[in-house]
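The values are calculated or read from the model by the stated rules, or taken from the named source; none is laboratory data. Computed from a predicted structure; not experimentally measured. Please note: Cβ atoms are built from the backbone with ideal geometry, for glycine as well, and neighbour counts cover all protein chains shown. Note: areas computed on protein heavy atoms with side chains; ligands, DNA, RNA excluded. Shrake-Rupley method; radii C 1.70, N 1.55, O 1.52, S 1.80 Å.
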Amino acid sequence: MKEWTDLALDTARAKGATYADIRIVHRRVQQVSVRNGAVDLLAEHETVGFGVRVVADGAWGFSSSSRLTREEVQRVAAEAVAIAQASATVGKEPVDLGPPEVHVDTYRTPFEIDPFGVSLEEKLALLLAADEAMRRVKGVRVARGNLVAQRERKTFASTEGSYIEQEITEVGGGIVAYAVDETEIQQRSYPNSFGRDQRTGGWEIVQAMDLPGNAERIASEAVALLTADPCPCEVTTLILGPTQLALQVHESCGHPTELDRVLGAEAAYAGTSFLTPDKLGAFRYGSPVVNLTADATVPGGLGTFGYDDEGVPAQRVPLVREGIFVGYLTSRETAVQLAKMRGEDPERARSGGAMRASGWNRIPLIRMTNINLEPGEWTFDDLIADTEHGIYMETNRSWSIDDKRLNFQFGTEIAYEIRHGRMVRLLKNAIYTGITPEFWGSCDAVCNVDHWRVWGTPNCGKGQPGQVAHVGHGVAPARFRNVQVGVMVN
Amino acid sequence: MLGEKRIRGIAERVLAASEADETEVVIFGLEERLTRFANNFIHQNVAETNVAAVVRVALGKRVGTATTNDLSDVGLERAVEQATAAARLSPEDPDYPGLPEPTPVEPVEAFDERTAAYTPADRARDVGAICRQAEAKGVTASGAFRTSVHEFAVANSHGLFAYHPTTIADLTTVVMADDSAGYAAGASWKVEEVDGVGLGAEAIERALRGRNPQPLEPGTYPVVLEAYAVADIVAFITQMAGAMLVSEGRSWMTGRQGERLMSPLISIWDDGRDPAGWPLPFDFEGMPRRRVDIVREGVVGEPVYDRRWARKEGKTSTGHALPLSNPLSPWLSGGAAGPLPLHPVMGAGEHAVEEMIASVSRGLYVTRFHYTRMVHPRDAVITGMTRDGTFLIEDGEITVPVKNLRFTQSYVEALASVEMVGRVLRRQRTGLGILRAPALKLSAFRFTGATTF
Ligand SMILES: [Zn+2]
């Protein structure tokens, strides 16, 4: 690899780049999906290529190609510089990356059982067993199951002298049952919606899910939901189950703390953020039991790595401490911009290590790592028992939030009415809505470490051209007071 | 760009490497160049050169798939081996329709030399003009301008070969003032039809008019929806118009074909051959694309079919097969979505947007929807926010800008309440297609919440 990285960096420098980096990425993905007892897709995907990112004339350029040949590496490096020079004609402040980041290292995510060593037969048999169990439940119209194994090998090299090799292995899986009658459609997913939960690690992740063992339960829930009472429309106490809470953290904390977005880089697409720099260190984001952390080092997280895609080491960065907003997800460039804005020394500004690209053909953007709600004190049973009147909601079905990340509305697959400390009644078409700081301000209980685990969100979209990031969220169930639930007229 | 001859060469190498009963290869070639701007300057500027092949092999009715962008002999042979190994393990697929025999496809021209040759300097000039306009008005422009060359090819072991080279240009811009924003967007396979300066001026005007927005109580209002907002409705409605979703009971069309469900002013169809959109004359099985009427003057029409779903339901393919996997998209689907429309159109009417506004005594003018998601599929109940230019209409005139609202609304019911249809269709890019939609006036639209800006 070194001959290619040297060639790209030398070419970029010779063409006038003041900074350059190259990432060479090979990704292999194996996908098995079944639908109603038949194979939907049994596929191997392989993509390989390289991307060269440069600063020239004080502006950014990037080019990428799938052809790893001498001529193509030179052409792409030169094209990146020409693109940067075009950027500079509509430029502002020259790019300032702050102090250099020089690391020579290798990193790999650990696993117990190599997912590519497990036969396709075994994977298929597992999904078909779960599929059959779901379809044995009367009223299930469609059953689906899905397994994904991914291995990415990437090499990063920069003109500052970094040379980093990483190998990230991920495994994901999930099942979903759809029940349909004349007037209603209901779905139940396990262990998470959007087809799967996913983590870094090996086949042991799927073994622990026990998809066949949960198939009949979720299929029965989907059918029961067809005739369940609709979620009432009221202001009440809400307890969120783990995967819905993970998405709540994702949308209302993860995205608004992305500093590129805060500074306007995503204004034309996903939007901006209410967490403006004047609020840093002072704004009450949530109640004192709310502690949120970006942690790229947590074992098994889908947002876990050794170095980000501009070669900055993985870190643990506080975002909210005892309810106060204290930190952003940053890159090298935005860390410097923030320091300058706050009158701090830009020479000491360090990135929090959140720059991630979805592949060789994309530039790194500020992305979530594992955005975690730190565990609290409660056991789940005590939390329910302590709730006089409320609703428990779990597993996301729909999600929407405004372009500053304030007004959100989420729907879940399943809900239960809580009365006098007990879950008493199944509810369908549950929805809740709120304004981010009011909602987190109303959080009065978070469950303890025994209920805490990291969930994977393998479908986080951002950027133009589009990028899909794999990010993680560690959560334990939590309680929120005075929440508006039920918006849809049923 | 590889050109037909080299693409055919790749296809032949794949077919020659396979010993399966049937083999198919779909080839995607891409040269994508995108210039992104924010805060009145270019902050991201990227290029990608990529060619990938999706190989599908069948051993009888057992099917396997592999995708690669390593086009060396070794790379292609590995893909064929992997697909064959997968097919061997796969149980028989009773609905596998086999691969099609060669089917004539009338070509459609959609390649523009000027778009293909557009340089970073050309895009910087156009983007710079938007940024300077914005600066002169004291507002900040952001957006993205993309010019790309795509090559699509499908070949199979029965001798089918189809190839289509095409260009695409698309520009979106959001202009922000202190407490307001404006939006404009355009797309065409000819870059000369994407008027950057004009779109910039449109977004700037909206941002300036939107300053000092006032809060408004959520509730049900008559609305004038700009074509950008209508595009979202057309996208959701047509993304549920595939035969699989209809068959599974997961579409607003299920069980309602032939019923009048929407205003007689509403017609929606898919036409992959119309040069006014972004034509692609064949689907990803190599079948010719046919026009399908999804809604005909308010009456629910037909879903779109690929060969699998056509065979299951005794129909013929309408040329709407999707690729089993789209190697150029970062999304990795959880399995095939079934056939779907890529080239949706809502038919134009006869009204100007000004006439629609003039007909409203108290209602809202909405530029655009944001972050729309399905709440419930049966009636296509969607929630989302307004964004980038929402205004109160009083006595036939736009009076004050309003803070953004959340809606929770059945798009089917919304289209039942249409009273006027715009005479101009605007083009917006959606993945592999362009969607065309007019502005609409609706008698009722349900806003269920509000935000603070
Ligand atoms: Zn996201």
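Which of (1) surrounded by fewer than 24 Cβ atoms within 10 Å (Cβ to Cβ); (2) away from every other protein chain (no Cβ under 14 Å) is the odd one out, the single condition B:Tyr371 does not satisfy?
It is condition (2) that B:Tyr371 fails.
Considering only residues that are within 14 Å of another protein chain (Cβ to nearest Cβ) and open to solvent by 10 Å² or more (accessible area, probe 1.4 Å), which ones fall in segment B:97-126?
Initially, segment B:97-126 is screened for residues within 14 Å of another protein chain (Cβ to nearest Cβ), giving B:97, B:118-126.
If the condition is that a residue be within 14 Å of another protein chain (Cβ to nearest Cβ) and open to solvent by 10 Å² or more (accessible area, probe 1.4 Å), then B:Pro97, B:Tyr118, B:Thr119, B:Pro120, B:Ala121, B:Asp122, B:Arg125, B:Asp126 are the ones that fit.
Against the definition (within 13 Å of chain A (Cβ to nearest Cβ), more than 30 Å from A:Gly264 (Cβ to Cβ) and either part of a helix (DSSP H, G or I) or touching a Phe, Trp or Tyr at 6+ places or on another chain (Cβ under 7 Å) (or both)), how does B:Val26 come out, yes or no? Don't jump to the end; show me each part of the working.
Values: within 13 Å of chain A (Cβ to nearest Cβ): yes; more than 30 Å from A:Gly264 (Cβ to Cβ): yes; either part of a helix (DSSP H, G or I) or touching a Phe, Trp or Tyr at 6+ places or on another chain (Cβ under 7 Å) (or both): yes.
Against the criterion (within 13 Å of chain A (Cβ to nearest Cβ), more than 30 Å from A:Gly264 (Cβ to Cβ) and either part of a helix (DSSP H, G or I) or touching a Phe, Trp or Tyr at 6+ places or on another chain (Cβ under 7 Å) (or both)), B:Val26 qualifies.
Residues to consider are A:Leu329, A:Leu383; find the one that is within 16 Å of the ligand (Cβ to nearest atom), away from chain B (no Cβ under 14 Å) and crowded, with 23+ Cβ neighbours inside 10 Å. It would help to see each step written out before you state the result.
Details: A:Leu383 fails: within 16 Å of the ligand (Cβ to nearest atom).
From the options A:Leu329, A:Leu383, the qualifying one is A:Leu329.
Out of B:Ala11, B:Ala20, B:Ala16, which single residue is surrounded by fewer than 20 Cβ atoms within 10 Å (Cβ to Cβ) and more than 9 Å from chain A (Cβ to nearest Cβ)?
Checking each option against the conditions leaves just B:Ala16.
For segment A:394-417, which positions are within 23 Å of A:Val289 (Cα to Cα) and within 14 Å of chain B (Cβ to nearest Cβ)?
Answer for segment A:394-417, where residues must be within 23 Å of A:Val289 (Cα to Cα) and within 14 Å of chain B (Cβ to nearest Cβ): A:Arg405, A:Leu406, A:Asn407, A:Phe408, A:Gln409, A:Phe410.
Looking only at residues in segment A:459-468 that are open to solvent by 10 Å² or more (accessible area, probe 1.4 Å) and part of a strand (DSSP E or B), which one is nearest to the ligand (Cβ to nearest atom)?
A:Gly461
Considering only residues that are over 30 Å from B:Ala177 (Cα atoms), within 16 Å of the ligand (Cβ to nearest atom) and more than 12 Å from chain B (Cβ to nearest Cβ), which ones fall in segment A:222-271? Let's see the steps before the verdict.
Just the residues of segment A:222-271 that are over 30 Å from B:Ala177 (Cα atoms), to begin with: A:222-247.
Still in the list and also within 16 Å of the ligand (Cβ to nearest atom): A:243-247.
Within segment A:222-271, A:Thr243, A:Gln244, A:Leu245, A:Ala246 meet the criteria.
Please specify each residue of segment A:92-118 satisfying the condition of being farther than 26 Å from A:Ile164 by Cβ and open to solvent by less than 50 Å² (accessible area, probe 1.4 Å).
A:Val118, the sole residue that qualifies.
Are any residues in segment A:12-57 under 25 Å from A:Gly91 (Cα atoms), in contact (Cβ under 8 Å) with a residue 12 or more places away in the chain and open to solvent by 20 Å² or more (accessible area, probe 1.4 Å), and if so, which ones?
Those that are under 25 Å from A:Gly91 (Cα atoms), in contact (Cβ under 8 Å) with a residue 12 or more places away in the chain and open to solvent by 20 Å² or more (accessible area, probe 1.4 Å): A:Arg13, A:Lys15, A:Gly16, A:Thr18, A:Asp57.
Can you pull out every residue in segment B:138-152 that is open to solvent by 10 Å² or more (accessible area, probe 1.4 Å) and within 18 Å of B:Asp179 (Cα to Cα)?
Answer for segment B:138-152, where residues must be open to solvent by 10 Å² or more (accessible area, probe 1.4 Å) and within 18 Å of B:Asp179 (Cα to Cα): B:Gly138, B:Thr140.
Since A:Asn490 meets every condition but one in (1) polar (S, T, N, Q); (2) at pLDDT below 95; (3) crowded, with 22+ Cβ neighbours inside 10 Å, which condition does it not meet?
(3)
Restricting attention to strands (runs of 3 or more DSSP E) lying wholly within segment B:171-289, give those where 3 or more residues are touching an Asp or Glu at 6+ places or on another chain (Cβ under 8 Å). Break it down stepwise before answering.
On the way: elements: B:181-188, B:220-225, B:268-270.
Of the strands (runs of 3 or more DSSP E) lying wholly inside segment B:171-289, those with at least 3 residues that are touching an Asp or Glu at 6+ places or on another chain (Cβ under 8 Å) span B:181-188.
A:Val317 passes all but one of (1) of a type in the set (A, V, I, L, M); (2) away from the ligand (no atom under 16 Å from the Cβ); (3) part of a loop (DSSP other than H, G, I, E, B); which number fails?
Exception for A:Val317: condition (3).
Scan segment B:54-74 for residues that are over 27 Å from A:Thr69 (Cβ atoms), open to solvent by 10 Å² or more (accessible area, probe 1.4 Å) and within 11 Å of chain A (Cβ to nearest Cβ) and jot them down.
As a first pass, look at segment B:54-74 and keep what is over 27 Å from A:Thr69 (Cβ atoms): B:56-65.
Of the ones still in play, those that are also open to solvent by 10 Å² or more (accessible area, probe 1.4 Å) are B:56, B:59-63.
If the condition is that a residue be over 27 Å from A:Thr69 (Cβ atoms), open to solvent by 10 Å² or more (accessible area, probe 1.4 Å) and within 11 Å of chain A (Cβ to nearest Cβ), then B:Arg56, B:Lys61, B:Arg62, B:Val63 are the ones that fit.
Could you grab me the full set of residues in segment B:349-366 that are in a loop (DSSP other than H, G, I, E, B) and either over 25 Å from the mean Cα position of the chain (by Cα) or surrounded by 13 or more Cβ atoms within 10 Å (Cβ to Cβ) (or both)?
Kept after step one, since they are in a loop (DSSP other than H, G, I, E, B), are these residues of segment B:349-366: B:349-350, B:352, B:359-361.
Result: B:Gly349, B:Ala352, B:Ser359, B:Val360, B:Ser361.
Within segment A:76-95, which residues are of a type outside the set (Val, Ile, Thr), within 24 Å of A:Phe50 (Cα to Cα) and more than 9 Å from chain B (Cβ to nearest Cβ)?
Kept after step one, since they are of a type outside the set (Val, Ile, Thr), are these residues of segment A:76-95: A:77-80, A:82, A:84-88, A:91-94.
Remaining after also requiring within 24 Å of A:Phe50 (Cα to Cα): A:77-80, A:82, A:84-88.
Correct list: A:Ala77, A:Ala78.
Tell me the residue from A:Gly390, A:Gly327, A:Gly343, A:Gly376 that is assigned by TED's automatic domain parsing to the domain that holds A:Leu275, assigned to a strand (DSSP E or B) and more than 30 Å from A:Glu79 (Cα to Cα), please. Outline the logic, then answer.
Numbers: A:Gly327 fails: assigned to a strand (DSSP E or B); A:Gly343 fails: assigned to a strand (DSSP E or B); A:Gly376 fails: assigned to a strand (DSSP E or B).
Answer to the check: A:Gly390.
Can you go through A:Val180, A:Val176, A:Val206 and tell me which one is assigned by TED's automatic domain parsing to the domain that holds A:Gly51, in contact (Cβ under 8 Å) with a residue 60 or more places away in the chain and more than 16 Å from the ligand (Cβ to nearest atom)? Let's see the steps before the verdict.
Working: A:Val180 fails: in contact (Cβ under 8 Å) with a residue 60 or more places away in the chain; A:Val176 fails: in contact (Cβ under 8 Å) with a residue 60 or more places away in the chain.
It is A:Val206.
Does segment A:418-435 contain any residue that is away from the ligand (no atom under 16 Å from the Cβ), within 14 Å of chain B (Cβ to nearest Cβ) and touching a Lys or Arg at 6+ places or on another chain (Cβ under 8 Å)?
Scanning segment A:418-435, I find at least one residue that is away from the ligand (no atom under 16 Å from the Cβ), within 14 Å of chain B (Cβ to nearest Cβ) and touching a Lys or Arg at 6+ places or on another chain (Cβ under 8 Å), so the answer is yes.
Restricting to segment A:436-458, what's the tally of residues that are in contact (Cβ under 8 Å) with a residue 12 or more places away in the chain, open to solvent by 20 Å² or more (accessible area, probe 1.4 Å) and either within 14 Å of chain B (Cβ to nearest Cβ) or under 17 Å from A:Pro256 (Cβ atoms) (or both)?
Narrowing segment A:436-458 to residues in contact (Cβ under 8 Å) with a residue 12 or more places away in the chain: A:436-437, A:439-458.
Pick out the ones that are also open to solvent by 20 Å² or more (accessible area, probe 1.4 Å) and you get A:437, A:441-442, A:444, A:448-453, A:455.
Now narrow it down to the ones that are either within 14 Å of chain B (Cβ to nearest Cβ) or under 17 Å from A:Pro256 (Cβ atoms) (or both): A:437, A:441.
Residues that pass the stated criteria total 2.
Before we move on, is A:Arg453 away from the ligand (no atom under 16 Å from the Cβ), closer than 30 Å to A:Gly359 by Cβ and modelled with pLDDT of 95 or more?
yes
Only one of these conditions is not met by A:Ser66: (1) crowded, with 24+ Cβ neighbours inside 10 Å; (2) among the small types (Gly, Ala, Ser); (3) touching a Gly at 6+ places or on another chain (Cβ under 9 Å). Which number is it?
Of the numbered conditions (1) crowded, with 24+ Cβ neighbours inside 10 Å; (2) among the small types (Gly, Ala, Ser); (3) touching a Gly at 6+ places or on another chain (Cβ under 9 Å), the odd one out for A:Ser66 is (1).
Inspect segment B:127-136 for any residue being on the phi < 0 side of the Ramachandran plot, of a type in the set (D, E, K, R) and buried (at least 21 other Cβ atoms within 10 Å of the Cβ) and give the result as yes or no. Spell out how you get there, then give the answer.
Residues of segment B:127-136 on the phi < 0 side of the Ramachandran plot: B:127-136.
Next, only the ones that are of a type in the set (D, E, K, R) stay: B:132, B:135.
Still in the running and buried (at least 21 other Cβ atoms within 10 Å of the Cβ): none.
Checked segment B:127-136: no residue is on the phi < 0 side of the Ramachandran plot, of a type in the set (D, E, K, R) and buried (at least 21 other Cβ atoms within 10 Å of the Cβ).
Working carefully through the options A:Gly303, A:Gly311, find the one that is more than 15 Å from the ligand (Cβ to nearest atom) and small (Gly, Ala, Ser). Before you say what the answer is, go through the steps one by one.
On the way: A:Gly303 fails: more than 15 Å from the ligand (Cβ to nearest atom).
So the residue among A:Gly303, A:Gly311 that is more than 15 Å from the ligand (Cβ to nearest atom) and small (Gly, Ala, Ser) is A:Gly311.
Would you pick out the residues in segment A:221-246 that are assigned to a strand (DSSP E or B) and open to solvent by 40 Å² or more (accessible area, probe 1.4 Å)? So that I can check it myself, show each step before the final result.
Initially, segment A:221-246 is screened for residues assigned to a strand (DSSP E or B), giving A:229-230, A:234-240.
Selection gives A:Asp229, A:Pro230, A:Glu234, A:Val235.
Quick one: would you say A:Leu319 is more than 20 Å from A:Ala265 (Cβ to Cβ), open to solvent by less than 20 Å² (accessible area, probe 1.4 Å), at pLDDT 95 or above and not assigned by TED's automatic domain parsing to the domain that holds A:Val25? Can you show your working first?
Numbers: more than 20 Å from A:Ala265 (Cβ to Cβ): no; open to solvent by less than 20 Å² (accessible area, probe 1.4 Å): yes; at pLDDT 95 or above: yes; not assigned by TED's automatic domain parsing to the domain that holds A:Val25: yes.
Here the answer is no, as A:Leu319 does not meet what is asked.
Pull up segment A:162-191, narrow it to residues that are buried (at least 20 other Cβ atoms within 10 Å of the Cβ) and at pLDDT below 95, then point me to the one that is nearest to the other protein chains (Cβ to nearest Cβ).
A:Val180
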